[in-house]
Amino acid sequence: MRRIPTIPCGIGLLVLALSASSTLAQNNAPVVSNVTASQRQDGSKIVDIRYNLADADGDACTVTVQASGDAGATWTVPITAVSGAVGAGITPGLNKLVTWNCASDLPGAFGSQYKVRVLADDGYNPVPPGMVLIPAGTFNMGDTFYEGFSDERPVHSVYISAFYMDRYEVTNQQYADALNWAKNQGNLITVSSGVVYRFNSGTSYCDTTTSSSLSRITWNGSTFGVVSGKANHPMAMVSWYGAAAYSNWRSAMQGRTPCYDTGTWACNFAASGYRLPTEAEWEKAARGGAAGRRFPWSDQDTIQHARANYFSSSSFGYDTSPTRNYHPVWGVGSAPYTSPVGFFTGALQQKADWGWPGSQTSYQTANGANGYGLYDMAGNVWEWCNDWYSSTYYSTSPATNPTGPSSGSYRVLRGGGWSSNANYCRCAARFNYGTPGARDDDGGFRLVLD
């Protein structure tokens with residue numbers, strides 16, 4: 001499936017941003033170009049959307065139109081009254097026309113925050129379960145507010161090819177299931193004093209409750225499990241090696257070619273398997289398609305506990321949470337103070353459903369998802385990236401698909417965690433707190449797929 005870059009267009013009563021898609025398929029992807037939109041001035045409110053559709057393989061495509069009422073933060077506005085070159089079986093060609101009767105779908109609506117996007121899908125390589133497509137494109141990487149650390153500068157333009165990313169951070173249950181699979185292979189892991197290592201080596205992957213009370217992975221001598229109530233919390237106390245090893249296990253479980261050589265820990269970016277995101281991929285994904293924003297969400301440049309699990313402090317003017325310190329419902333009791341992945345949806349959450357340790361019986365969340373539908377890109381746990389860390393890398397970074405320095409002492413982490421201040425939860429913030437073998441109670445990860 002392919003998505004095209006967003007193109008803003010003023011069209012009378014609506015401002016439309018149109019996009020088409022870019023594919024990760026092995027066959028050639030459909031390409032949408034020359035998109036225009038105009039709203040008729042005859043009082044009908046009908047919007048005419050025109051585009052060109054090309055597909056080198058000649059594949060017929062399914063074309064869809066989506067609408068946003070909040071400048072692209074979400075795409076949930078109903079849009080059903082469409083006709084013309086939309087739906088299944090649309091063949092490649094020029095000047096395709098989609099007619100949208102927005103007066104039918106949006107009676108009485110008037111505003112400047114409406115956007116529309118057009119997507120073309122040739123049916124190849126559907127989005128893998130649990131992942132979202134991060135479309136190809138260029139973005140400004142680094143601290144555009146000039147308020148962070150020196151290693152976040154200079155701001156530089158980076159082009160990233162399309163890829164898929166886990167919608168949520170990898171959970172304790174997902175990791176425990178993979179550990180049991182790896183154990184059954186016979187030669188992938190060793191457990192010693194509760195610590196999981198690469199088979200017959202000193203390379204540590206993760207802790208269990210036997211080795212650390214901060215772990216949520218159990219081990220009874222034969223089977224891995226998860227502490228009760230923590231299955232859907234993000235995996236923590238896992239090293240960079242343990243995250244990369246999980247990438248290989250998940251790949252092998254699905255018949256994909258693993259990316260990591262566990263002897264050298266080099267990543268084969270041409271392999272078909274899962275891997276950790278590069279630092280540039282992570283930041284592009286975190287920004288959700290929005291430019292010049294401080295946090296993953298695009299409707300404001302402030303952060304609150306209602307939207308993320310982090311340590312709130314009055315030291316930062318953009319931290320406007322009415323509650324301070326650890327999260328009021330998750331930051332209670334024994335650490336780690338993680339929250340279930342995807343908790344911050346904008347819903348009124350109930351303690352009876354989520355089992356948080358705080359005393360409140362309900363908690364009103366705000367929508368913490370970004371424009372790509374990714375959750376917890378700010379807070380909960382830090383996320384390992386594939387790159388080695390260098391404080392000066394931005395000065396020499398390639399402009400296209402950078403993969404980081406060739407060597408180093410530390411691996412990059414991004415996103416902040418439940419114990420992090422708001423400044424570490426910014427999209428631009430970088431961190432290098434440990435060597436690849438470091439395991440911490442607020443360190444986790446999520447994976448990508450090319």
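Looking only at the stretch 280-300, count how many residues are in contact (Cβ under 8 Å) with a residue 24 or more places away in the chain and more than 12 Å from the chain's Cα centre (by Cα). Residues that pass the stated criteria total 9.
Considering each residue of the stretch 17-33 in turn, none proves to be within 22 Å of P128 (Cβ to Cβ), modelled with pLDDT of 85 or more and assigned to a loop (DSSP other than H, G, I, E, B).
For the stretch 88-115, a tally of residues being in contact with an Asp or Glu (Cβ under 9 Å, 6 or more places away or on another chain) and not in a loop (DSSP other than H, G, I, E, B) returns 5. Please return the ranges of strands (runs of 3 or more DSSP E) entirely within the stretch 116-173 where 2 or more residues are of a type in the set (F, W, Y). Correct list: 163-166.
No other residue among D48, D59 is closer than 13 Å to D121 by Cα and modelled with pLDDT of 80 or more apart from D59. For D376, are the conditions met, namely being assigned by TED's automatic domain parsing to the domain that holds Q173, within 21 Å of the chain's Cα centre (by Cα), among the acidic types (D, E) and closer than 21 Å to L413 by Cα? It is true that D376 is assigned by TED's automatic domain parsing to the domain that holds Q173, within 21 Å of the chain's Cα centre (by Cα), among the acidic types (D, E) and closer than 21 Å to L413 by Cα. Filter the stretch 111-141 down to residues that are in contact with a strand residue (DSSP E or B) (Cβ under 9 Å, 6 or more places away or on another chain) and of a type in the set (F, W, Y), then give me how many there are. Matching residues across the stretch 111-141 total 2.
Of all the criteria given as (1) of a type in the set (D, E); (2) in the same structural domain as E279 (by TED's automatic domain parsing); (3) surrounded by 18 or more Cβ atoms within 10 Å (Cβ to Cβ), the one not satisfied by D121 is (2). The condition of being within 30 Å of N248 (Cβ to Cβ), assigned by TED's automatic domain parsing to the domain that holds G148 and not basic (K, R) does not hold for A291. Candidates in the stretch 169-195 are the residues that are surrounded by fewer than 20 Cβ atoms within 10 Å (Cβ to Cβ) and hydroxyl-bearing (S, T, Y); of these, the one that is farthest from T210 (Cα to Cα) is T190. Counting only strands (runs of 3 or more DSSP E) that sit completely within the stretch 341-450, those holding 2 or more residues that are at pLDDT 95 or above and aromatic (F, W, Y) correspond to 382-388. In the stretch 267-317, the residue that is farthest from P328 (Cα to Cα) out of those that are in a strand (DSSP E or B), of a type outside the set (F, W, Y) and in contact with a Cys (Cβ under 9 Å, 6 or more places away or on another chain) is C267.
The values are calculated or read from the model by the stated rules, or taken from the named source; none is laboratory data. The shown structure was predicted, so the numbers you read here are calculated from the model rather than taken from an experiment. Note that each Cβ is placed from the backbone with ideal geometry, even for glycine, and that neighbours are counted across all protein chains shown.
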